[in-house]
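The values are calculated or read from the model by the stated rules, or taken from the named source; none is laboratory data. Given the structure is predicted, the values throughout are model-derived calculations rather than measurements. Glycine gets a Cβ as well: all are built from the backbone with ideal geometry, and neighbour counts include every protein chain shown.
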Amino acid sequence: MINVASDYARSIGYEKIYIMSGEQGLYEKYGFEKIGDFKTVYGTEDQLFQKPLA
């Protein structure tokens, strides 16, 4: 599913995609890099990841 979403975003011209998640280690396996930790609207802290699509 992650690869399909990445491929679609690339096909419509996106250069990067982002995701907020509390999962550690999952998104790095798919080429995402951690940008940092950010507070969510729920008051918890999640990690922001980005993946270059070029």
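Structure data summary
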{"quantity": "Residue that is farthest from the chain's Cα centre (by Cα), among those in region 40-54 that are part of a loop (DSSP other than H, G, I, E, B) and under 20 Å from Asn3 (Cα atoms)", "calculated": "Ala54"}
{"quantity": "Residue selected from region 23-36 under the condition over 16 Å from Asn3 (Cβ atoms) and surrounded by 10 or more Cβ atoms within 10 Å (Cβ to Cβ), by the criterion modelled with the lowest pLDDT", "calculated": "Glu23"}
{"quantity": "Every residue from region 10-34 that is within 12 Å of the chain's Cα centre (by Cα) and in a helix (DSSP H, G or I)", "calculated": "Tyr27, Glu28, Lys29, Tyr30"}
{"quantity": "Residue identified as among the acidic types (Asp, Glu) and part of a strand (DSSP E or B) among Asp37, Asp7", "calculated": "Asp37"}
{"quantity": "Residue under evaluation Asp46, criteria (1) without any contact (Cβ under 8 Å) to a residue 24 or more places away in the chain; (2) among the charged types (D, E, K, R); (3) surrounded by 10 or more Cβ atoms within 10 Å (Cβ to Cβ), criterion not met", "calculated": "(1)"}
{"quantity": "Inter-residue pairs, beta-carbon under 6 Å, first farther than 26 Å from Gly43 by Cα and in region 4-31, second among the basic types (Lys, Arg) and surrounded by 14 or more Cβ atoms within 10 Å (Cβ to Cβ), 6+ apart", "calculated": "Gly31/Lys51"}
